[in-house]
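The values are calculated or read from the model by the stated rules, or taken from the named source; none is laboratory data. Quick caveat: nothing in here was measured; it's all calculated off a predicted structure. Virtual Cβ from ideal backbone geometry, glycine too; neighbours counted across all protein chains shown. Please note that ligands, DNA and RNA were not included when accessible areas were found on the heavy atoms of the full protein model with its side chains. Shrake-Rupley method; radii C 1.70, N 1.55, O 1.52, S 1.80 Å.
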Amino acid sequence: MGTTRYPAVAGMFYPDDPAELRAMITEFLQHAAPDGPAPKALIAPHAGYIYSGPIAASAYARLKPVKDTIKKVVLLGPSHRVAFRGLAAPQADEFLTPLGRIRIDQTAIKAILSLPQVHVLDQAHLMEHSLEVHLPFLQMVLRDFALVPLVVGEASAEEVSEVLERLWGNKETLIVVSSDLSHYLSYNAAKSMDRQTSTAIETLDSAAIGHEQACGRTPIIGLLHSARRHHMQVHTIDLRNSGDTSGSKDRVVGYGAYVFE
């Protein structure tokens, strides 16, 4: 009998009522411009929807033309609650959200468990929000997909990239990295730092991104490592902070949406 990972932050980071959740994401997507080719990979934020939802929607709107093509989503996010080495896969067979169940691609997970940096660690997934907040967006924009959820602990860019290369696939596979940007700076200081981070991401300059610039720095630099190998182009399609979306500009958190083509 399969096991289920239940939502940890529904009702806090996003609505736990299915109708309210659908309506909120629909509104975000309606205000996002879907222009441009569908990405192979994207970076999007993971804060509460009232703060980062519009920015995340900017990236997810790009997936509408390929909603029937994408069958596998490799989702990586940083660990906020559990310290560990490497990348943590779940034992669960499905992740549950207020919008329904998402099948975990255990075949794909088995394909990476032979790598020394990958191991099963359910504790890393139990209360982690960095992956969970992306799931309703994926459920709203894609038709039918399996998920490869990986929480990233202490790891090198090469170790993350090695995992991505094994899961890279073709047009049926989407890679999503979850990360916010600067944390609790003044509005103007955050804008300056986040612009620097965006330039580093666009130029695939992983060495120019410090831990204070992005909580998801480790999966980001792993993706940049693979992006260089695949000669990809990166575009910033949205760059705002909580001062733009929630009102207060005293101490803000930065959010960026990036597409890899």
Could you point to the residue in Leu113, Pro65, Pro90 farthest towards the positive end of the range 60-125's charge dipole, with +1 and -1 charges on the Cβ of Lys/Arg and Asp/Glu respectively? Pro65
For the chain: accessible area per residue (Å², 1.4 Å): 42 Å²
In the chain, what percentage of the DSSP-assigned beta bridges are antiparallel, given to the nearest 5? 40 percent
Find the relative contact order for the chain and round it to a whole percent, using C-alpha pairs within less than 8 Å whose residues are 6+ positions apart. 27 percent
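Using a 1.4 Å probe over the heavy atoms of the protein chains, calculate the carbon and sulfur portion of the accessible area of the range 60-118 as a whole percent.
Working: 1230 of 2540 Å².
Carbon and sulfur: 49 percent of the exposed surface of the range 60-118.
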Given only helices, namely DSSP H runs of n ≥ 4 each adding -39500 (n - 2.57), what is the per-residue ellipticity at 222 nm of the chain, to the nearest 500 deg cm²/dmol? -10000 deg cm²/dmol
Could you compute Rg(Cα) / (2.2 N^0.38 Å) for the range 183-222, with N its residue count? 1.11
Please return the longest range in the chain lying between exposed loop sites, taking trypsin sites (Lys or Arg not before Pro), DSSP loop only, at most 11 other beta-carbon atoms within 10 Å, and leaving the sites out. 1-142
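Could you calculate, for the range 166-261, the ratio of the Cα radius of gyration to the Kirkwood radius, expressed as Rg to Rh? Intermediate results must be reported in sequence, preceding the final value.
On the way: Rg = 13.9 Å, Rh = 13.8 Å.
Rg divided by Rh gives 1.00.
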For the chain, max minus min Cα coordinate along each principal axis, in Å, sorted largest first? 50, 43, 35
GNM on the chain, Cα springs under 10 Å; top mean-square fluctuation among Asp68, Asp35, Asp105 goes to Asp35
Over every pair of different alpha-carbon atoms in the range 6-117, take the mean of 1/r and invert it; report that Kirkwood radius in Å. 16.1 Å
Give me the count of lysine pairs in the chain whose alpha carbons sit under 24 angstrom apart, restricted to pairs 8 or more positions apart or on different chains. 15
Sulfur and carbon atoms: percent of accessible area, the range 175-261 [1.4 Å]: 46 percent
Counting only protein heavy atoms and a 1.4 Å probe, tell me what percentage of the range 1-52's accessible area is made up of carbon and sulfur. 57 percent
